[in-house]
Every structure is written in structure tokens, then in C-alpha cells.
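**Student:** Could you have a look at this structure, given as C-alpha cells, before my questions?
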Amino acid sequence: MNTPVMMERNAEASPRPRARITGVVYLFYFLTAVLGVFFMGGIVVDGDAAATATNLLAHESLFRLGLATGLVATAGYIALTALFYGLFKPVNRSLSLLAAFFSLVGCAILAFASLFQIAPLVVLGGSPYLSVFKVEQLRALALMFLELNTQANNICVAFFGVYCLLIGYLIFKSFFLPRILGVLMALAGLGWLTFLSPPLANHLSPYNLVLGFLAELSLMLWLLVMGVNVQRWQEQAGAA
């Protein structure tokens with residue numbers, strides 16, 4: 001008869017399904033994140049409140065769809081964070097937990113920042129109580145909220161930068177994944193940290209963005225196709 005302890009040991013003894021599930025969730029996150037950006041593409045015009053307001057009102061449904069898809073992507077990344085914690089816990093439990101903390105804080109900031117995306121639709125919604133403002137003022141407020149969303153996203157990306165650095169270190173110290181993936185993830189983390197200084201991030205763009213995308217894409221594909229070295233994972237888990 002299988003006891004809960006025995007079932008837990010059996011699950012830990014077979015990390016390959018967990019690695020594949022992690023890859024699937026990673027892919028789900030990638031798809032939803034890209035779709036969210038695609039749906040909102042071209043709606044916000046930098047520095048042009050009138051054009052942005054016109055686009056928002058003309059494509060409100062598409063903008064809301066992009067917002068909803070982005071929130072789904074955030075939920076997917078929370079699940080991914082939990083899976084990564086379990087996968088890398090045998091390497092270093094404390095660092096894996098610290099990495100999860102930074103990722104969850106970043107996800108929380110990202111979810112909160114979505115309020116700044118929905119606020120322009122409220123401001124431009126034409127409610128009677130907003131009639132005290134001029135049209136130009138409402139458009140300026142809408143653009144201001146969207147710029148606040150951008151600033152919040154920059155802070156969020158910095159937290160993900162620390163997360164990628166820690167994940168990169170854990171991969172490098174692991175016996176069950178190629179070290180090159182750890183190096184790529186650490187470099188991606190450094191690229192994300194440039195968003196602490198938006199002028200620096202803009203100066204390094206698109207190289208910092210491409211590096212981060214390629215690093216996470218490589219890790220996702222490896223987990224999907226190759227999984228992990230089961231024997232080495234078990235050895236490291238036993239040593240832990």
C-alpha cells in the first residue's frame with residue numbers, strides 16, 4: 001500500500017516528467033506573453049496623447065484582450081516559478097527559495113501594474129463625473145497612466161533579472177542541466193537588470209532583449225526536448 005511518504009519519494013525519484021511539465025508551462029507563458037504584446041501593438045503612441053486616446057477607443061476590445069492575455073501569462077509564470085523551485089531545490093534549497101521570492105515579487109508588481117493599463121479606459125470612458133475635465137486633460141491622464149505602467153514594468157523586469165541570475169547560478173551548479181544554459185540565463189539576468197536605468201536599457205536595446213529571449217527560449221526547449229539527466233538529479237537530491 002502506497003503511503004503519502006512513499007508517493008512523494010516516487011515523485012522525487014522521477015524528475016523527468018516534472019522537467020517536461022516545466023517546459024510545457026514555460027511554452028504556455030511564452031505564447032501568452034507574445035500574444036499579449038501582439039494584441040496591444042501599435043495602440044500606444046509615445047508622447048502623443050491624442051493619437052493614443054484615439055487608438056484606445058477605436059481598439060478597446062483588442063486592448064482589453066491584450067491585458068487579459070498578459071494577466072494569464074503572469075499566472076503562468078507564477079506556476080513556472082513553483083516548478084523551478086521544485087526542480088532546483090536539490091541544488092541549493094535556500095537559493096532556490098530566494099529565486100522564487102524575487103520572481104513572485106516581480107509577478108505581483110506586474111499584476112498590480114495592470115491597473116495602470118485599465119485606468120486609461122476608465123478615464124476615456126465618458127462617465128458623467130469626468131465632464132469637469134477637458135478632453136485634452138483626460139487624454140493626458142490616460143497617457144500618464146500608461147507611462148506609469150511602463151515604469152512599473154521596468155521595476156518588475158529588474159526583479160526578474162535577479163531571478164534569472166539566481167536560476168543561472170543554480171543551473172551552473174547543477175549536475176543535471178548543461179552549464180551553458182546557466183551562463184546564458186545569468187547573462188540574460190544582467191540584461192534585464194539594465195532596466196533599472198531606462199536610458200541604459202534603451203541604449204543597449206535590442207541586444208539586452210534578444211539575449212534574454214534567446215536564453216529563456218533555450219532553457220524552455222531543452223526542458224521540453226531533453227528534460228534533465230535523471231541519474232544526476234537523483235544523486236544531487238540524495239546528497240541534499
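The values are calculated or read from the model by the stated rules, or taken from the named source; none is laboratory data. Nothing here was measured: the structure is a model prediction, and the numbers come from that model. FYI the Cβ positions are ideal-geometry reconstructions off the backbone, even for glycines, and counts take in every protein chain you see.
**Student:** Return the only residue of L184, L143 being within 30 Å of S61 (Cα to Cα) and either touching a residue at least 12 places away in the same chain (Cβ under 8 Å) or among the basic types (K, R) (or both).
**Tutor:** L143
**Student:** Which of the residues belonging to the stretch 111-132 are surrounded by fewer than 19 Cβ atoms within 10 Å (Cβ to Cβ) and over 16 Å from L57 (Cβ atoms)?
**Tutor:** Once the filter is applied, which keeps residues that are surrounded by fewer than 19 Cβ atoms within 10 Å (Cβ to Cβ) and over 16 Å from L57 (Cβ atoms), the stretch 111-132 yields A111, F112, S114, L115, F116, P128, Y129, S131, V132.
**Student:** Can you tell me which of L211, L184 is modelled with pLDDT under 95, among the aliphatic types (A, V, I, L, M) and under 26 Å from L83 (Cα atoms)?
**Tutor:** L211
**Student:** State all residues of the stretch 14-66 that are in contact (Cβ under 8 Å) with a residue 24 or more places away in the chain, under 23 Å from A82 (Cβ atoms) and more than 17 Å from the chain's Cα centre (by Cα); if no residue qualifies, say none.
**Tutor:** Once the filter is applied, which keeps residues that are in contact (Cβ under 8 Å) with a residue 24 or more places away in the chain, under 23 Å from A82 (Cβ atoms) and more than 17 Å from the chain's Cα centre (by Cα), the stretch 14-66 yields S14, P15, R16, R18, A19, R20, I21.
**Student:** What are the residues in the stretch 208-240 that are crowded, with 18+ Cβ neighbours inside 10 Å and under 12 Å from Y26 (Cα atoms), if any?
**Tutor:** Those that are crowded, with 18+ Cβ neighbours inside 10 Å and under 12 Å from Y26 (Cα atoms): E216, L219, M220, W222, L223.
**Student:** Oh, and also: Applying the selection to the stretch 171-181, what residues are surrounded by fewer than 22 Cβ atoms within 10 Å (Cβ to Cβ) and either touching a residue at least 12 places away in the same chain (Cβ under 8 Å) or touching a helix residue (DSSP H, G or I) at 6+ places or on another chain (Cβ under 6 Å) (or both)?
**Tutor:** Scanning the stretch 171-181 gives F172, K173, F175, P178, R179, L181.
**Student:** How many residues does the stretch 45-54 hold that are surrounded by fewer than 18 Cβ atoms within 10 Å (Cβ to Cβ) and assigned to a helix (DSSP H, G or I)?
**Tutor:** Count: 3.
**Student:** Could you please let me know if L67 is farther than 21 Å from Y29 by Cβ and either assigned to a helix (DSSP H, G or I) or out of contact with any Gly (no Cβ under 8 Å at 6 or more places or on another chain) (or both)?
**Tutor:** When the stated conditions are applied, L67 does not pass them.
**Student:** Then there is this: Determine, yes or no, whether A186 is more than 23 Å from N229 (Cα to Cα) and either out of contact with any strand residue (DSSP E or B) (no Cβ under 9 Å at 6 or more places or on another chain) or not β-branched (V, I, T) (or both).
**Tutor:** no
**Student:** Going by the conditions given, is F102 in a helix (DSSP H, G or I), over 12 Å from the mean Cα position of the chain (by Cα) and not hydroxyl-bearing (S, T, Y)?
**Tutor:** No, not satisfied.
**Student:** Quick check, is S61 closer than 24 Å to L165 by Cβ, among the hydroxyl-bearing types (S, T, Y) and surrounded by fewer than 20 Cβ atoms within 10 Å (Cβ to Cβ)?
**Tutor:** no
Quick grid of which residues meet (1) in a helix (DSSP H, G or I); (2) modelled with pLDDT of 95 or more; (3) closer than 24 Å to F39 by Cβ; (4) not small (G, A, S):
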position: A75; (1), (2), (3), (4): yes, yes, yes, no
position: A82; (1), (2), (3), (4): yes, yes, no, no
position: P90; (1), (2), (3), (4): no, no, no, yes
position: M144; (1), (2), (3), (4): yes, yes, yes, yes
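**Student:** Within the stretch 165-231, which helices (runs of 4 or more DSSP H) (wholly inside it) include 1 or more residues that are closer than 21 Å to A100 by Cα and touching a Ser or Thr at 6+ places or on another chain (Cβ under 9 Å)?
**Tutor:** 179-193, 207-225
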